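Laboratory data are not the source of any read-out in this text; all were calculated from the coordinates shown. Please read all numbers here as calculations on a predicted model, not as lab measurements.
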Amino acid sequence: MRILHVPPERKPLAISVSGKGGTGKTTFTALLLKTLIENTDKTILVVDADPAANLPDALGVKVELTVGDVVEELKDRTERGEAISLPPQLFEMYVQETMIETERFDLIVMGRTESKGCYCYVNSVLRQIMQTLAKNYDIVLIDCEAGLEHIQRRVDENIDILIVMTDGSKMGLHTAKNIVELARRMGYKMSLVGIVGNFSASMDKLMDLAAKINAEVLGVLPYDENVVKFAREGRSLLELPSDSPAYVTVKRIAKSIGLI
Ligand SMILES: Nc1ncnc2c1ncn2[C@@H]1O[C@H](COP(=O)(O)OP(=O)(O)O)[C@@H](O)[C@H]1O
Ligand SMILES: [Mg+2]
């Protein structure tokens, strides 16, 4: 596989994992985190930007409070006239309060808000995090919301690496194409757009897609019994055996793009 170069001097190096729902975004994010933890000493901020918030489970982390919860609370207070507008530092403090710190990475879970139409506000908070808190880390890894919304709202516009997960289905390929095309139209300046197939997506179809959108096919995750077993048992993917096929593939991908 061709070696792709990611500028090592970028700080933070922001990696966003996107794609249709169910294509393996959370699995890939968890396995890439495992790769980075086991093969580098970089400081890492992980952001679960999917309102369904299943990344903490995949990482074996318990979450008490999400950014969405904080937004809700602030909104209540705003409605009661107590917190019309918060200074940015205070806001950052509130967000930081929800952060989960582990030995090797910090995790922010965006979560969802109860109020309808309010997720755009959570997204704007995430934009802010990317411009402030994220600067304290070497790498920021974002498990994105399914679909195109995060691109439409420019949540991750400063990312360096856009990973697009896709299964081989027509919809999966279509969503992948739309994500990349929209990101380019919105002026995203990624140094790498990488397509990762899952569930044995056909290499031919992926190469075809990549040619159309000027992206690279980084690899295809094989079906992995261990991943299924760990998900069923609620175990952390960070503890997946190192010879698990999906992990071996993610590690090889990380190596091919210069992350490890
Ligand atoms: N390579 C794989 N082998 C086996 N199961 C997988 C694989 N990739 C993902 N899964 C399973 O498929 C489901 C969807 O994956 P997930 O990572 O949650 O997708 P997304 O975050 O895109 O919605 C999960 O139950 C996950 O355990
Ligand atoms: Mg997910």
Folded to 0 to 90 degrees: helix 245-256 orientation relative to the chain principal axis, Cα: 90 degrees
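From Cα pairs below 8 angstrom and at least 6 apart in sequence, can you work out the relative contact order of the chain, rounded to a whole percent? Kindly include the intermediate steps, with their values, before the conclusion.
Details: 474 pairs, mean separation 79.4, N = 260.
It rounds to 31 percent for the chain.
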Angle between the chain longest axis and helix 203-213 axis [Cα atoms, degrees, rounded to 10]: 60 degrees
Principal axis box of the stretch 135-260, alpha-carbon based, largest edge first, Å: 40, 40, 26
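Give the Kirkwood hydrodynamic radius (Å, one decimal) of the stretch 13-256, defined as one over the mean of 1/r across all pairs of different Cα atoms.
Working: mean 1/r = 0.0546 Å⁻¹.
It works out to 18.3 Å.
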Nearest-ten-degree value, helix 25-39 long axis tilted from longest Cα axis of the chain: 80 degrees
Most mobile of THR98, THR26, THR132 in a GNM of the chain (Cα contacts under 10 Å): THR132
Fraction of antiparallel bridges per DSSP, the chain only, in percent to nearest 5: 5 percent
